[in-house]
Structure formats: C-alpha cells, structure tokens
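Notes follow once the structure below has been shown.
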Amino acid sequence: MKPGAGINARGWVKTRRDSKGIHFLQVNDGSCFQDLQVVVEDGVLPEEILARITTGACIKAAGDLIESPAAGQAVELRASDIILIGDADPAFYPLQKKGHSMEFLREIAHLRARSNTFGAVCRVRNALSDAIHRFFQDRGFQYIHTPLLTASDCEGAGAMFRVTTLPLNGPPPNDDSKGSDADSAEDFFGKPAYLTVSGQLEAECLALALGNVYTFGPTFRAENSNTPRHLAEFWMVEPEMAFCDLDDDMELAEEFLKFIIRYVRGRREDDLQFFNKRIDSTILANLDNVCEAPFGKITYTEAIEWLQKADRKWDYPPFWGADLQSEHERYLTEELFKKPIIVTDYPKEIKAFYMRLNDDGKTVRAMDVLVPRIGEIIGGSQREERFNELSSAMRLQGLDVESYSWYLDLRRYGSVPHAGFGLGLERMLMYLTGMKNIRDVIPFPRTPGSIEF
Ligand code: 4AD
Ligand code: MG
C-alpha cells in the first residue's frame, strides 16, 4: 500500500497512548507481527466512542495511509473515522500492555493469540505447515489421509486412548455376566478401538501402491509424561517411501529439515526476529548453522561408548541395551557434535516391531534425528519387508499376529524395501522459535490433567 492511499483497516487495539489531543492506537489484524499505528485527533470521534477504544477493542478505521513522522513504523493511518465494532471492558480484559508470563497466557488460551508471542507462534506454525506440503509436493509425494480411529497399536507401546460408546459404569445393559474383553463385542466397532499414535502402518499400505506418500495430522499418546516436550495430542508429518533404505531415509530427513527451516525463515522473518530478540538470542544463528553443515551420523553403539567416556554424572548411567534418555540425547547433540545428529541401529528390544532387523540379529535399522535444545525431533526407520522376520518380531513383542494379518499381507504380496519417518510438528516449532514449553506452540494444549477450552 502506497503512502497517501485512503484505506480501511480492521483489527484489535493492542495499546493506546494519548498525548496533547492526539490518540495513538496500535492495531493488529493478525496478518503480521508489526502493528498498524492509527492516529486520531480530538474532534474526529464523539468523546463517548473515543473513551471506549481501549486495549482489546475491535475497530474499523478509515483514513489516509501516510509516511510516519515518528520512528517505529514506516507508515501510519491518519484516521478520518473509526467504527467501534466490539468493546473490551478494561476492568476485565485480561491482556494488558505489560508482558504476561507464559503460564498466565496458557490460562487464557482463548485470547492468547492476540499476544505478540502467541500471534507469532501461530503464523510460524502456518508457514511451517505450508513448508511441509511444499517440500513433499515439489518432490512428487502424494498427500494421503490416514485414520485417527484405529484398532492397532502402531508403536506397540500401549500408550493409547481407548474410544468407546459403552456406558461408563459396568458392563453393557441386559448382560451383567460379561468381562471387559467380551464387552468390546457390544461396543461401537465390535472390538476395542483407540485414537491413533501414528499413521505409519496405513501409510505403508499406500506407499506400497503409490510410491512416495506422506500423511500429516493429529496423533494421540496417553503416556503420562508431564514434560515440556510431550503432548497427549500433537501433530505429526510422516513420509513413507517405497524402494527406499535407511540411507535414503536419512538423506531425505536432513534435506527436509534444512528446507523447512529456510522456507519458514523466508516467509516469517518478522516473527523469527521477534523470537530471537525476546525469547532466545541464539536461534537465528543456530538455524543458519543447521542449514550449512552436514548432520553428524553415529550408531547407537558408538553413542553409548561416547556417553560412557563422557566425564559427567548421569541420572541414568548409559549402558548398551538401555534407551537414550533426554540427558544423553542432549549431550550428544549439544556438547559432543554441537549440531544435529542422526543416531542409527538401535537394539531391537527398545524399538517398535516393524523395524528391519540388521544382520547382527541384535540391532534394527532405526534412526532418530536429535537436535540441540530439543533432543529427538524425528523418529524413523527402514521397515522390515521380509515376511518371516516381521512375523517373528511381532510374536517376540507379544503382538496378536492374527489381527495384523492385513499388515503382513504387504509382505505377502509384492513386498519391497521401504522406509519413512515421523517429525513432531510442535517439537519443530520449539526448535524454530526457541519457545521452551511445548504447551506454548499449539493453540489448545492437551496434557495429563489438562483439557481446557
Ligand atoms: O518416534 P515416534 O514415536 O515415531 C513414530 O511414531 C513413527 N511411527 C514415525 C514413522 O516412522 N512414521 O514419533 C515421531 C516424532 C518424535 O520424534 C517426536 O518429534 C514426536 O513425534 N513425538 C511427540 N511430540 C509431542 N508429544 C509427544 N508425546 C510425542 N511423541 C512423539
Ligand atoms: Mg521415537
């Protein structure tokens, strides 16, 4: 918009300042970080209306866009008229000019998108989602939709939310003799149903017909982890590729992370500058470094050796066969490599049943991408494409092979090496913005004991 142009602007008043008969309103419509300064002189509006234009009010201002004489903005709107669309009683409106704590903003999640920080989070989240589609679409991947309601446990970890229409208390009506398993027959789907922990198994079915696919949607985990990195409902993007091994998988993951960082930087420089200034002054330099240097690569076995050699006291002393804890992951990426790393070939006992067994018979073709500040941001693997190996891995992990026979069919008919990974959208957002708690990068967080809004 050129200076001198007559325009209308609608938005919410962030702050108001009055000086010598002139009123300065900072107005934001959510489209970008910068507010529009609306300047109203005494006499333009009835006193009674002017008095009600306070922080939080929604207005429509008409006037000329002129070059701003003051620092802080290139242009401002000299208002010739303002319509007050919605009041916000200053005695009650909870968002005020002073900075609020993240904890307080969480309590008013229905209003926090109007704060500088959360508005910026939402725009970066949108740009990141756009980047994800752009990356895969440009490379010929087909966007598929995997179900949220499922009867199978993809990660085999049992951390699933049960979905039922049965009455809460006791067995179904007219039959009080049945136990809980038998109850499932009376349930909506005729067997136990859950919210999905991952779309991977269904994505594999479609990859073995369409080639390269990706699914991108909500996933649910009922693990009782009250940490700054875990949500009960989070978004995951999961590519799955036929004719693909672990090396191809790792290459794609690295290219993907670098692409989405660059893309979001190009789209939301304003918001990222804000995060760099107010949340964490190292993020922009770090993101640039990530895009330049190749990721480090290390096997799980090497990682354990490094951890055992490290001169420090661990809460969980590392040993071969134990899962890597957050303290281990952060040491490897933050201190040993000082950049993102990919850890491969974990012991089969600590990974899901579907990962391809290595020739050593002990480790599987798994990969986790670890980044500074966050730890694990991507989990993936080459899948076990051999029927016998897969069915015995399932049996070993105590799965009911019968109910996964559809999944085994992929290995019966036209099986092919294939691989994929899952990126947690909220972990990526924490990485991009420097936000320290995962509850502050999703509009309405669901965590143990908390499901407001
Ligand atoms: O490592 P995970 O459990 O891998 C899978 O679910 C595979 N089926 C993915 C695949 O190969 N298609 O989860 C993948 C990523 C993690 O690296 C992490 O970024 C994120 O999902 N994640 C969570 N994010 C927030 N809250 C939680 N509770 C999360 N659990 C996993
Ligand atoms: Mg994982």
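The values are calculated or read from the model by the stated rules, or taken from the named source; none is laboratory data. All values derive from a computational prediction rather than experimental measurement. Note that each Cβ is placed from the backbone with ideal geometry, even for glycine, and that neighbours are counted across all protein chains shown.
Here segment 204-235 is the region considered, the condition is being closer than 26 Å to residue 375 by Cα and of a type in the set (Gly, Ala, Ser), and the residue that is surrounded by the fewest Cβ atoms within 10 Å (Cβ to Cβ) is 225. When 439, 365, 411 are screened for being surrounded by 19 or more Cβ atoms within 10 Å (Cβ to Cβ), within 22 Å of residue 219 (Cα to Cα) and basic (Lys, Arg), only 439 passes.
The residues of segment 35-69 that are closer than 25 Å to residue 273 by Cβ and exposed (fewer than 14 other Cβ atoms within 10 Å of the Cβ), listed by number, are 67, 69. Here residue 300 passes the criteria (1) in contact with a strand residue (DSSP E or B) (Cβ under 7 Å, 6 or more places away or on another chain); (2) within 30 Å of residue 140 (Cα to Cα) except the one numbered (2). Looking across segment 373-408, the residues that are within 16 Å of ligand 1 (Cβ to nearest atom), surrounded by fewer than 19 Cβ atoms within 10 Å (Cβ to Cβ) and more than 19 Å from residue 153 (Cα to Cα) come down to 373, 376. Of the residues 201, 231, the single one that is part of a loop (DSSP other than H, G, I, E, B), near ligand 1 (Cβ under 10 Å from one of its atoms), touching a residue at least 40 places away in the same chain (Cβ under 8 Å) and within 30 Å of residue 152 (Cβ to Cβ) is 231. Listed by first and then second residue, the pairs with beta-carbon distance under 7 Å, at least 6 apart or on different chains, first residue in segment 307-335 and on the phi > 0 side of the Ramachandran plot, second crowded, with 16+ Cβ neighbours inside 10 Å, are 321/347. Selection of segment 59-103 for residues being over 20 Å from residue 49 (Cα atoms) and small (Gly, Ala, Ser) yields 68, 70, 71, 72, 74, 99, 101. Residues in segment 274-294 that are part of a helix (DSSP H, G or I), of a type outside the set (A, V, I, L, M, F, W, C) and touching a residue at least 60 places away in the same chain (Cβ under 8 Å): 3 in all. Give segment 347-365 a look and list any residue that's within 11 Å of ligand 1 (Cβ to nearest atom) and free of Cβ contacts under 8 Å to residues at least 60 places away in the same chain, or say none. Within segment 347-365, 351, 355 qualify. Which of the residues that make up segment 78-116 are farther than 30 Å from residue 228 by Cβ and outside any strand (DSSP E or B)? Listed by number, the residues that qualify are 87, 88, 89, 90, 91, 92. Only a single item in (1) touching a residue at least 24 places away in the same chain (Cβ under 8 Å); (2) part of a loop (DSSP other than H, G, I, E, B) is not met by residue 7, and it is number (2).
The set of residues from segment 406-453 being modelled with pLDDT of 95 or more and among the polar types (S, T, N, Q) comprises 415, 433, 437, 447. Restricting 233, 240 to those that are more than 14 Å from the chain's Cα centre (by Cα) and either more than 16 Å from ligand 2 (Cβ to nearest atom) or farther than 30 Å from residue 327 by Cβ (or both) reduces the list to 240. Just one of the listed residues (263, 316) is part of a loop (DSSP other than H, G, I, E, B), surrounded by fewer than 18 Cβ atoms within 10 Å (Cβ to Cβ) and among the aromatic types (Phe, Trp, Tyr), namely 316.
Scoring residue 98 on the criteria (1) crowded, with 16+ Cβ neighbours inside 10 Å; (2) modelled with pLDDT under 95 leaves a single failure, condition (1).
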